[in-house]
Amino acid sequence: MIDISDVIFEDLTATGTGLYALVKTRVWHIESEEGWENDEAAIVYHESSEYTHPNSTDHITATIVFKCYGGTNKSGDAKDVFLALCDRLNGTRARNATTGSILAANLITGSSFPDPNRGWFCWQCSFEVEIE
């Protein structure tokens with residue numbers, strides 16, 4: 001069975017992209033790395049829903065929520081990470097990775113607000129992602 005978080009991590013940390021230039025490998029599943037204090041741009045993500053297609057346990061559609069942080073408390077820096085994430089993921093069609101393939105990815109929504117747990121500005125967005 002495919003691990004969605006592995007596929008997403010591998011895709012978002014691919015070198016040579018605008019997103020990688022901003023966040024490098026600071027892409028964390030569920031919560032940030034201990035000690036990180038928004039001093040460098042980063043993304044934290046989790047699956048909010050997941051559906052396994054009936055004819056294949058390796059074909060999954062999921063809604064994934066991303067929080068994009070800019071490494072400062074400026075909304076514009078967080079927006080730069082959000083836009084780089086959109087450039088990397090939105091409209092993806094059949095991109096392969098060693099952990100699986102992203103068959104499709106589309107932005108559902110995105111908005112800026114102070115993170116209620118930390119007070120730092122972030123851009124939160126959701127994508128529907130189909131993985132195999």
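Please treat every number below as a calculation from the coordinates, not as lab data. Small disclaimer: the values here were computed from a predicted structure and weren't measured. Please note: Cβ atoms are built from the backbone with ideal geometry, for glycine as well, and neighbour counts cover all protein chains shown.
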Points 7 angstrom from Cα along the Cβ direction at GLU47 and ASP3: gap in nanometres?
1.2
Using a cut-off of 14 Å between beta-carbons, work out the net charge of the residues near TYR69 (Lys and Arg +1, Asp and Glu -1, TYR69 not included).
-2
With a Förster radius of 22 Å, plug the Cβ-Cβ distance of ARG93 and ASP58 into 1/(1 + (r/R0)^6) and report the FRET value to the nearest 0.05.
0.75
Proximal charge balance of LEU89 [Cβ under 13 Å; K/R count +1, D/E count -1]:
-2
Tell me the Kirkwood hydrodynamic radius of the chain in angstroms, computed as one over the mean inverse distance between distinct C-alpha pairs.
14.8
Alpha-carbon centroids, region 74-132 and region 1-52: separation in whole Å:
9
I'd like the FRET efficiency for GLU34 and ARG118, computed as 1/(1 + (r/R0)^6) with the beta carbon distance as r and R0 of 22 Å, rounded to 0.05.
0.95
What distance in nm separates the simple spin-label points at GLU128 and THR72, each placed 7 Å from Cα in the Cβ direction?
3.6
Kindly put TYR20, TYR45, TYR69, TYR51 in sequence by how many other C-beta atoms sit within 10 Å of each C-beta, fewest to most.
TYR51, TYR20, TYR45, TYR69
Counting other Cβ atoms within 10 Å, keep those with at most 10, restrict to DSSP loop, and tell me which GluC sites (Glu not before Pro) in region 25-127 are left.
GLU31, GLU33, GLU34, GLU37
Counting other beta carbons within 10 Å of each residue's own, what order do CYS122, CYS86 fall into, fewest first?
CYS86, CYS122
How much net charge surrounds GLY16 when only other residues with a Cβ under 13 Å from its Cβ are counted (Lys, Arg +1; Asp, Glu -1)?
0
Tell me the angle of helix 75-89 to the major Cα principal axis of the chain, expressed in degrees between 0 and 90 and rounded to the nearest ten.
20
